Amino acid sequence: MPEHTTLDATLLSLLACPQDKGPLLLVRATEGTVLYNPRLRRAYPIDNGIPVLLIDEARDVTDAEHADFIEQPVES
């Protein structure tokens, strides 16, 4: 069962996408909680509670995942 991680609201507000430097959303995906950039449609993993904000580690999301992520309530 995927682990659902929470991040401190202050930490989340400080984190930025390494590609476009914009804010990220904390969303639930099938593999667990991820940090999502809706502008680039890229999802960054969270490994053992630690955000992995490396461009090479991010994955592209499908149109269906994007729609699901945008509809989710904002987590912190």
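The values are calculated or read from the model by the stated rules, or taken from the named source; none is laboratory data. It should be emphasised that the depicted structure is a prediction, and the values quoted were computed from it without experimental measurement. Glycine also receives a Cβ, built like all others from the backbone with ideal geometry; neighbour counts cover every protein chain displayed. Ligands, DNA and RNA are excluded from the accessible area calculation, which covers all protein heavy atoms including side chains. Shrake-Rupley method; radii C 1.70, N 1.55, O 1.52, S 1.80 Å.
Values as computed for the structure displayed
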| read-out | value |
| --- | --- |
| Test: residue in region 23-40 that is assigned to a loop (DSSP other than H, G, I, E, B), of a type in the set (A, V, I, L, M) and touching a strand residue (DSSP E or B) at 6+ places or on another chain (Cβ under 8 Å) | yes |
| So Ala64, is it out of contact with any helix residue (DSSP H, G or I) (no Cβ under 7 Å at 6 or more places or on another chain), more than 14 Å from Thr5 (Cβ to Cβ), small (Gly, Ala, Ser) and part of a helix (DSSP H, G or I) | yes |
| So Pro51, is it in contact with a helix residue (DSSP H, G or I) (Cβ under 6 Å, 6 or more places away or on another chain), open to solvent by less than 70 Å² (accessible area, probe 1.4 Å) and either aliphatic (A, V, I, L, M) or free of Cβ contacts under 8 Å to residues at least 60 places away in the same chain (or both) | no |
